[in-house]
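Right, one structure below, let's go through it.
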Amino acid sequence: MHTQLNHRMTKQRQIIIEELRKVTSHPTADQLHEMVRKRLPRISLSTVYRNLETLSSEGMILKMDSAGTQKRFDGTVENHYHIRCSRCGRVDDVHMETIPEIEEIARRRSSYQSVSHIIEFTGICPNCYSQSRG
Ligand SMILES: [Zn+2]
Ligand SMILES: [Zn+2]
């Protein structure tokens, strides 16, 4: 019984990771629930949510938690930069070199240690931009 339960959890987690890594849209828990349900029709939103929290605390996925918006999740855990649309909230990756030098600057000026950084640009996505041009 216990083994069966563990097995089911492992399978759910596996499918959640697989679905998340298929996309670059940085889905919310709701969106990911919709995707995962195609393969696990009975899975609940709270189960998806709980698995996402566990996976992100284990460093298997990235949780993007910015104030005032719904949490989004990312299958890419290596440091990379994001850009968020200020109109529709869409989030994309920005394919550019990360800038580790700024961590050293921040460390020296703040006297914090173990400094890391997250960069999120904002702008207007191509869809919103073309709509606004009518
Ligand atoms: Zn947009
Ligand atoms: Zn990303």
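Only the coordinates and a few stated rules stand behind these numbers; no lab work does. The model shown is predicted, which means the values in this text are computed figures rather than measured ones. We place every Cβ from the backbone using ideal geometry, glycine too, and count neighbours over all the protein chains shown.
Numbers below:
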| read-out | value |
| --- | --- |
| Convex hull volume per residue for the chain, taking Cα atoms only, in Å³ | 151 |
| Length gained when the stretch SER130-GLN31 is fully extended (0.36 nm per residue, less Cα-Cα span) | 33.2 nm |
| Label-to-label distance, nm, for residues given as ARG50 and ILE17 (7 Å Cα→Cβ offset) | 1.9 |
| With at most 12 neighbouring Cβ atoms within 10 Å, loop trypsin sites (Lys or Arg not before Pro) (DSSP) excluded, longest segment of the chain | 43-132 |
| Positive-end extreme of charge dipole, the chain - chosen from VAL48, THR28, ILE119 (charges on Cβ) | VAL48 |
| Over the stretch 1-75, volume per residue of the alpha carbon convex hull, in Å³ | 88 |
| With at most 14 neighbouring Cβ atoms within 10 Å, loop GluC sites (Glu not before Pro) (DSSP) excluded, longest segment of the chain | 1-57 |
| Debye log10 I(q)/I(0) at q = 0.16, 0.21, 0.29 Å⁻¹ for the stretch 79-134, Cα point scatterers | -0.61, -0.79, -1.07 |
| Dipole magnitude of the stretch 68-134 about its Cα centre (Cβ charges: Lys, Arg +1; Asp, Glu -1), debye to nearest 20 | 440 |
